[in-house]
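Taken together, the values in this text are just the output of simple stated rules run on the coordinates, not laboratory data. Predicted model only: the values in this text are computed from it and were never measured. Here Cβ is always computed from backbone atoms with ideal geometry, including for glycine, and neighbour counts include all displayed protein chains.
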Amino acid sequence: MTRQFVKRGDSKATIPKRATKGSAGYDIAANEKVTIQPGEIKLVHTGLAVQMEQDDVMLLIDRSSNPRKRGIALSNSLGVIDHDYFPNEFMGMFTNITDKPVTIEAGQRIMQAVFVKYGLVDNDNANGERTGGFGSTGEV
């Protein structure tokens, strides 16, 4: 069985947990209070980093209630946290889709994390080294 290890970069960060035995996703909470203005895109800190095996990826998925109940949406629809992103803190990128400011409170569940194994294609020749996140691997 694959193991992932979530590390707190901030002692106030909420450790993710599943709501039910049948849940695929771990609830991820904001680690700070953030106000997002109408149409604004803002990164929301989690205070967490995740250590995974080499063939694992963590997918960050919007909570289904966010657009309807909170007026926010995960901007990139699906966040991809690669195994080599550790020990960096992962964050959510949210857009306010309303015409009024929206405040996310510290400790509020804002997204879910699902761990997935992935495969490689024949003749894979990836040899780059991670230098950051949010578009750090190039323009094209």
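Here Gly79 qualifies as in a strand (DSSP E or B) and of a type in the set (Gly, Ala, Ser). Checking each residue in the range 82-94 for being surrounded by 15 or more Cβ atoms within 10 Å (Cβ to Cβ) and assigned to a helix (DSSP H, G or I) picks out His83, Tyr85.
If you scan the range 41-72, which residues turn out to be touching a Ser or Thr at 6+ places or on another chain (Cβ under 7 Å), over 22 Å from Asp84 (Cα atoms) and surrounded by 14 or more Cβ atoms within 10 Å (Cβ to Cβ)? I'd like the intermediate steps shown before the answer.
In the first step, residues of the range 41-72 are kept if they are touching a Ser or Thr at 6+ places or on another chain (Cβ under 7 Å); the result is 41, 53, 56, 71-72.
Keeping just the survivors that are over 22 Å from Asp84 (Cα atoms) gives 41, 71-72.
Hits for the range 41-72 are Gly71, Ile72.
The residues in the range 96-123 that are in contact with an Asp or Glu (Cβ under 7 Å, 6 or more places away or on another chain) and crowded, with 20+ Cβ neighbours inside 10 Å can be counted, and the count is 3. Filtered by the rule that a residue be in contact with a strand residue (DSSP E or B) (Cβ under 7 Å, 6 or more places away or on another chain) and surrounded by fewer than 16 Cβ atoms within 10 Å (Cβ to Cβ), the range 1-31 gives Thr2, Phe5, Lys7, Arg8, Gly9, Asp10, Lys12, Ile15, Lys17, Arg18, Ala19, Ala24.
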